[in-house]
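Enquirer: What follows is a structure written as structure tokens; I'll ask about it next.
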């Protein structure tokens, strides 16, 4: 059984002391590939470094909407240089977050547009962070060929109507540990075609039940796969096979 963790922050300081052990546990759990997503320029550099050193890892480079206020032309130019690496399979995570508003709406939208333009130039898919900004996010995507390049709605938190709009684009929904403790998300997942789902941990955040409150790690992709299988009334092997094929198609890995 092969699993893919499509969104993990292995460059996070939480893994500074035991990254090798974390990777070993992931391999034992059947997690054979991981996409190391970034949240600023420094983490993007570290993600590429990990991807270059660890065969199982690939990188995504970008700036989280919380840090959109820090985005400059120089930062975007450096991100584009990083994005040209063969080990970089996506741009992100980027998007809109209206919950905390660490950056203004205007700066978030400007950063998102710059990332979308980079996707077009690099011919790579996008990893979308969307929190309480669904309509603005959908509007921002109109007119970009990134729709053809593909994308994933990371840590999907919307309703079924939003899910249907995303799937109509041919995009994927990132399902993580929240599905193990949110009845609302579980019900949405029950109604989704497995062919539109990819698995993610968002580690070190959002550990699934029974690990809530602990540092999350990619090995627990298997726990998420078990829950999705239970919700869908199928076996974990089927979930692993289909979601891994989805991830391979999106990220070309």
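Bear in mind that the values in this text are calculations on the coordinates, not laboratory data. Everything quoted here is computed from the prediction, not taken from an experiment. Heads up, the Cβs are rebuilt from the backbone with ideal geometry, glycines too, and the neighbour counts pull from every protein chain shown.
Enquirer: Give segment 77-107 a look and list any residue that's in a helix (DSSP H, G or I), closer than 22 Å to residue 8 by Cα and in contact (Cβ under 8 Å) with a residue 24 or more places away in the chain, or say none.
Expert: Listed by number, the residues that qualify are 78, 79, 80, 82, 83.
Enquirer: In segment 200-229, which residues are more than 17 Å from the chain's Cα centre (by Cα) and part of a loop (DSSP other than H, G, I, E, B)?
Expert: Hits for segment 200-229 are 209, 210, 211, 212, 213, 214, 215.
Enquirer: Now for a different question. Among the residues of segment 38-76, which ones are out of contact with any strand residue (DSSP E or B) (no Cβ under 9 Å at 6 or more places or on another chain), assigned to a helix (DSSP H, G or I) and farther than 20 Å from residue 99 by Cβ?
Expert: Within segment 38-76, 42, 53, 73, 74, 75, 76 meet the criteria.
Enquirer: Only one of (1) in a loop (DSSP other than H, G, I, E, B); (2) under 19 Å from the mean Cα position of the chain (by Cα) is not met by residue 17, so which one is it?
Expert: Failed condition: (2).
Enquirer: Is it the case that residue 71 is closer than 24 Å to residue 246 by Cα and in contact (Cβ under 8 Å) with a residue 24 or more places away in the chain?
Expert: For residue 71, the condition - closer than 24 Å to residue 246 by Cα and in contact (Cβ under 8 Å) with a residue 24 or more places away in the chain - is not met.
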